[in-house]
Structure formats: C-alpha cells, structure tokens
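Worksheet: one structure, shown below.
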C-alpha cells in the first residue's frame, strides 16, 4: 500500500505528517507493507525552522529533510493521498488524485510556536487514526 502526504511547499505540514507516518510504520512493523512518500508542487528550499523545532521537542530530527517535488505519476500509485490544506486547482497535488483526503490545516510558516505545537499534535493524531483505518 502506498500513502502520500502532500502540500505545495513540502516544508511543514506534509513533513510533520511523513515523520509521524514513518514512526507509525515502524511501531506497527509495516515497513514492507506500506510505502510513504511526500512532496509538493512548488517545494521550498528548506523546511520551516519552527517545524524543525517542534519536531525536535518530540525527539524527531528533521534537519536533514529537503522539500521535494511530487509528480502526478507518483500519486497515481497511491491508495491514500493526504493533502494538508491546499485547494488551488492545478497547484495543489490533491487535485491530481481522485482518492485524496484534505486535512485542511493551516501552513505553519508564519505561526507562533505554540500554534505550531498544536498543529503538530493534531497531525500526530490524524496520522495515528489514518494508520488505524489502513489496518482495517
């Protein structure tokens, strides 16, 4: 099974979701059963500093992560395409897939630290719930 976490910049929300998904994948012993991809249509140069900071608080180091471009072809192979909250047709990768889920989350780039912590916790819960659904 393939799951993608996508947004436009791939510098915040989708990176947080991917990190938690990889943790769930490992915790549940699903490394051979679930492939996780992430990307954006207009990737940033680097992750947002505040995202690195709040994930570091959870013991997850994102310093080496680099935003990447996602292609329509990659998403075509995914059973789950999770968009973070982009709705611009043609720009948002969720528009490329009939099986997309949009979590409708705000971009953390300009958020205060406590708001990004809340966003992180929200994403963590959503990822755990998604893995529960995929297990059924």
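The values are calculated or read from the model by the stated rules, or taken from the named source; none is laboratory data. Values in this document were obtained by computation on a predicted structure and should not be read as measured data. Please note: Cβ atoms are built from the backbone with ideal geometry, for glycine as well, and neighbour counts cover all protein chains shown.
Pick out, from the range 27-136, the strands (runs of 3 or more DSSP E) lying fully within it that include 1 or more residues that are modelled with pLDDT of 95 or more.
35-40
Within the range 43-77, take every residue that is in contact (Cβ under 8 Å) with a residue 40 or more places away in the chain and more than 17 Å from residue 13 (Cβ to Cβ) and give me the one that is surrounded by the fewest Cβ atoms within 10 Å (Cβ to Cβ).
77
Run residue 22 past the list (1) under 25 Å from residue 1 (Cα atoms); (2) out of contact with any helix residue (DSSP H, G or I) (no Cβ under 8 Å at 6 or more places or on another chain); (3) modelled with pLDDT under 95 and report the number of the one that doesn't hold.
Result: residue 22 fails condition (3) only.
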